[in-house]
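J.: The structure under discussion is supplied below as structure tokens; questions concerning it will follow.
The values are calculated or read from the model by the stated rules, or taken from the named source; none is laboratory data. These numbers were taken from a predicted model, which means no experiment stands behind them. Heads up, the Cβs are rebuilt from the backbone with ideal geometry, glycines too, and the neighbour counts pull from every protein chain shown. What goes into the accessible areas is simple: the full protein's heavy atoms, side chains included, and nothing from ligands, DNA or RNA. Shrake-Rupley method; radii C 1.70, N 1.55, O 1.52, S 1.80 Å.
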Amino acid sequence: MAACDFWAIAAREPSRLAVIGADGDEHTAGEVLAGCNRLVHGLRQHGIAPGEPIAVALTNRVELLELYFAALQAGWYFAPIHVGLTAPEIAHILVDSGARVLVFDDRSQPAVTAAARSIGLADEAMFAVGGATGARPLDDVVRGQSADSPPDRTAGDRLFYTSGTTGQPKAVRRPLANRRPETAGVAAAAHLAGVAGIAPDSGAVHLVTSPLAHSASLLWCTDHMHLGHTVVLMDRWTPEAMLDRMQRHRVTGALVVPTHFHRLLSLPDDVRTRFDPSSLRHVVHTGAPCPVDIKRRMLAWWGWVIYEVYGAAEGGGCRIGPDEWLAHPGSVGKGHGRIRVLRDDGSACAPGEIGTVYLKSGPQPFAYHNDPDKTAAARRGTFFTVGDLGRLDADDYLYLAGREADLILSGGVNVYPAEVEEVLAMHPAVDDVAVIGMPDPEWGERVVAIVVLHAEIAGGADCIAELGAHCRERLAGYKCPRTIVFVDALPRDDSGKLSRRKLREAVGAC
């Protein structure tokens, strides 16, 4: 391959299959390239200048990818908005980012239009796709525009709003350094090769299982496109639909979260055995610690194709492959000097001691948009933290223990929810689990487990006693849940992230 960047590959091989939509429609690289070029021409005429943000509230659809590649060659910031956000949450992002354009579809239309009204967003700044109404169709912007490469190309960047644990979400913003757009392709090649040995033009087929509004999902999808690979989009993930697309399109890899593994393993044996995993080469999981037992079961099912990455939208991180993980089960990878675990006073933790995880900043330092205090508080020299807790062992392997904001202080002793969750997840009756701390007059906080049981399991006193005994066999007494609550589902978003705030509200109301 002569180049690792989507624009060059699409210009050279326009008939190459680039995207299979959630509806099954196929889109060639040449069609996607023409769409993104027309968007640059049309939105420039609309007055969008380099350095300005465009906001996109779209489901996983080809228009989102066209807008992304348009932004990255026109010098714009691309600010994706999850379609599940409420009107106040969307309004905050629009105001905070200063977005000049908002593109939405029918899924996000009710919240988007309410948000736009609340902040007085001008009608001419809004564009609709996918059957959405109430704004000018995005097709009007591109109609009659040239499909040729635009002049004065310059690199744009992503503007991701972090979910955060407290307060309003903040955008991770990096300065635009007057770089060529093609540098994104060079970074993509280094990224995919470094994590899982994925090579350019290697016939890979990448399945998108989570919303492209999430940083990791968009990065992995578009990095594959920079390497000339085909991406298959999903909308409204289910385990059966994932297996169907993997089988039908001979998928070689995907980016998933541990929740996906949980739900796949919960399928009946006759469903799972209908799927042939031999096409898989590199399934990567991220987003939360994966229980050791769950990962072992996935390796037994899919083979030695499961990799893990730990990082953040802010940058940094580590990775671990299947062989290395088996030698260090539960680890998310080796630090290689790019990860530190520190005490509150900034001193280094001893091997095995839990502290705050700090990651080495990349070559392009980030800042939290409009929040210099948060930016400064997250940094120690050239390292930063997103509030994760963990420990490094004597061999420099990192093990995560959860978020600092989720730490439970019970009777003056620290309890790490991730440790308790992993033990409960090992029980065959448990389909999903979360552990939180709730106020307690005697202990300060008590450990509460919220459990989703498999459909055929009945909750009740006997089940609570069995789960309690299971924990006491594997955990110190102070770590064991004092309360176990059964629910039908946990409040996770479709990237698998859990809202502990909503859990606390639900348990407090019981």
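J.: Please work out how many pairs of lysine residues in the chain are eight or more positions apart (or on different chains) and have Cα atoms closer than 26 angstrom.
T.: 15
J.: Once you have the alpha carbon radius of gyration of region 124-260, what is it after dividing by 2.2 N^0.38 Å, with N set to its residue count?
T.: 1.24
J.: Debye sum, Cα scatterers, region 8-49, no solvent: what log₁₀ I/I(0) at q = 0.16, 0.32 1/Å?
T.: Log10 of I(q)/I(0), two decimals: -0.49, -0.96.
J.: Just how large is the dipole of region 47-168 about the Cα centre, in debye to the nearest 20, putting +1 at every Lys and Arg Cβ and -1 at every Asp and Glu Cβ?
T.: Working: 8 positive and 14 negative charges, 34 e Å.
With Lys and Arg at +1 and Asp and Glu at -1, about 160 debye.
J.: Let me ask you something else. Local charge sum around Glu52 (other residues, Cβ-Cβ under 13 Å, Lys/Arg +1, Asp/Glu -1)?
T.: +2
J.: If you don't mind, another one. Could the peptides 130-137, 207-214 be put in order, highest first, of the mean number of other beta-carbon atoms found within 10 Å of their residues?
T.: 207-214, 130-137
J.: Shifting gears a bit: Compute the signed sum of charges (Lys and Arg +1, Asp and Glu -1) over the other residues within less than 13 Å, Cβ to Cβ, of Gln364.
T.: So the surrounding residues net to +3.
J.: Let me ask something additional. In Å, the Kirkwood hydrodynamic radius of region 176-335 over pairs of distinct alpha carbons?
T.: In region 176-335 this quantity evaluates to 16.2 Å.
J.: Which three extents, in whole angstrom, do the alpha-carbon atoms of region 70-166 cover along their principal axes, largest first?
T.: Principal axes ranked by extent give 42, 30, 21 Å for the Cα atoms.
J.: Can you quote the Å³ per residue value for the convex hull of the Cα atoms in region 364-483, rounded to an integer?
T.: Cα-based convex hull of region 364-483, divided per residue, equals 185 Å³.
J.: What per residue convex hull volume, in Å³, do the alpha-carbon atoms of region 304-387 yield?
T.: Expressed per residue, the convex hull around the Cα atoms of region 304-387 is 110 Å³.
J.: Expressed as an acute angle from 0 to 90° and rounded to the nearest 10, what is the orientation of the C-alpha long axis of helix 215-226 relative to the principal long axis of the chain?
T.: 50
J.: Per residue, what accessible area does the chain have, given a 1.4 Å probe and all protein chains present, in Å²?
T.: I get 41 Å² per residue for this part.
J.: Something else: Once every Cα of region 269-411 carries one equal point scatterer and solvent is ignored, give the base-10 log of I(q)/I(0) from the Debye formula at q = 0.19 Å⁻¹, two decimals.
T.: Here log10 of I(q) over I(0) equals -1.12.
J.: Using a 7 Å offset from the Cα along the Cα-to-Cβ direction at both Asp323 and Leu176, what is the distance between the two label points in nm, to one decimal?
T.: 4.4
J.: To the nearest µm²/s, what D does Stokes-Einstein give for the chain at 4 °C and 1.567 mPa s, using the Kirkwood radius over alpha carbon pairs as Rh?
T.: Once the numbers are plugged in, D ends up at 54 µm²/s.
J.: Please work out the Cα center distance from region 316-377 to region 439-508, rounded to the nearest Å.
T.: So the two Cα centres are separated by 28 Å.
J.: Still on this structure, I have one more. Mean shadow of region 1-105, computed from the convex hull of its alpha carbons, in nm²?
T.: Directional mean of the projected Cα hull area for region 1-105 stands at 7.2 nm².
J.: Next question. Just order 374-384, 81-91, 454-464 by mean Cβ neighbour count inside 10 Å, highest at the front, would you?
T.: The packing order, highest mean first, is 81-91, 374-384, 454-464.
J.: Let me ask you something else. Go ahead and estimate [θ] at 222 nm for the chain from helices alone: -39,500 (n - 2.57) per DSSP H run with n ≥ 4, summed, over the residue count, rounded to 500.
T.: -9500 deg cm²/dmol
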